[in-house]
Amino acid sequence: MGTSSLPTGTDSTAPPHDGRLTDTAEHWPVVESVTPFRGAKTSMRTDTVRMPDGAVADRDYQVHPGSVAILALDEEDRVVVLRQYRHAVRQKLWEIPAGLLDVPGENPLHAAQRELYEEAYLKAGDWRVLTDFYPTPGGCDEAVRIFLARDLSPAGGEKYAASDEEADMELATVALPDLVQGALAGELHNSCLVLGAFALTAARATEGGLDALRPAEAEWPARPFAS
């Protein structure tokens, strides 16, 4: 095998960036848009996009209403998790409570409170935004907001009547370090659980800790129509 070397004085690393990185909104012109498939909750769309060099290209992606997830932390510092069958990957995954923003105009915090009640029969006295993310921005416009919920207590009243995959759900509480280790070991795969566990661990290590997290009603730039 041959070897190669960079010319003297050539820097092989990317230039340093000063300050924090921030994603920014941008819109490349859409010449044409078609929707070849519409499902009950999501659809598939093909946009013909004009590129900066003037060329056009088709981009296929899933149109999604968005989602909320809840990392609920109990008084023993354990995370509420559930185990649910996911047909697309043919696995039962450990997850945190979550759900679609499929009620038109519903406030994301209210949706999170509803999901925590329906899936874990809990309510929380303290809500904050843990993190926001796009799960698959290369092929889906879904935006997800993970809330941190603390000061947990039983929801009270009638329990939600689960059906389909939710009828077979298992509930548990797990220590945060066990979730982190499970993710690093390749044993846990749900994106909201993994990112939520890492984000909570990181938040505790930052100045101000969990009290420095954004308020529950914070703006959602990644999904401005839901704010």
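Values in this text are rule-based calculations from the coordinates and carry no lab data. Predicted model only: the values in this text are computed from it and were never measured. Using ideal geometry, Cβ is built from the backbone for each residue, glycine included, and neighbour counts are taken over all protein chains shown.
Averaging Cα coordinates gives a centre for the range 93-154 and one for the range 12-66; these two points are 24 Å apart. Near the amide H of HIS64, within less than 5 Å, lie the amide hydrogens of ASP141, GLU142, all on another chain or at least 5 residues away, with H placed in the peptide plane. Which of rounded, prolate, oblate describes the range 54-102, given a ≥ b ≥ c as roots of the alpha-carbon gyration tensor eigenvalues and a/c under 1.5 marking rounded, otherwise prolate only if a/b is larger than b/c? Here the range 54-102 falls in the prolate category. If both residues of a DSSP beta bridge must be in the chain, then about 85% of such bridges are antiparallel.
Each of PHE133, LEU193, HIS64 was placed along the dipole of the chain (beta-carbon charges, centred on the mean Cα), and the one lying farthest toward the positive end is HIS64. Between the helical axis of 191-205 and the longest alpha-carbon principal axis of the chain there is an angle of about 90 degrees.
For PRO177, the shell of other residues with beta-carbons less than 12 Å away shows a net charge of 0, using +1 for Lys and Arg and -1 for Asp and Glu. If the chain linking GLU106 and THR48 were pulled fully straight, counting 0.36 nm for each residue of separation and taking away their Cα-Cα distance, it would gain 17.8 nm.
In the chain, Rg over Rh equals 1.04, where Rg is the alpha-carbon radius of gyration and Rh the Kirkwood radius from pairwise Cα distances. With a/c under 1.5 counting as rounded, go ahead and sort the range 35-163 into rounded, prolate or oblate using the C-alpha gyration tensor (a ≥ b ≥ c being the square roots of the eigenvalues; past the cut-off, prolate if a/b is larger than b/c, else oblate). Prolate, since a/c reaches 1.5 and a/b exceeds b/c.
Seen against the Cα atoms of the chain and their longest principal axis, helix 108-120 is set at about 50 degrees.
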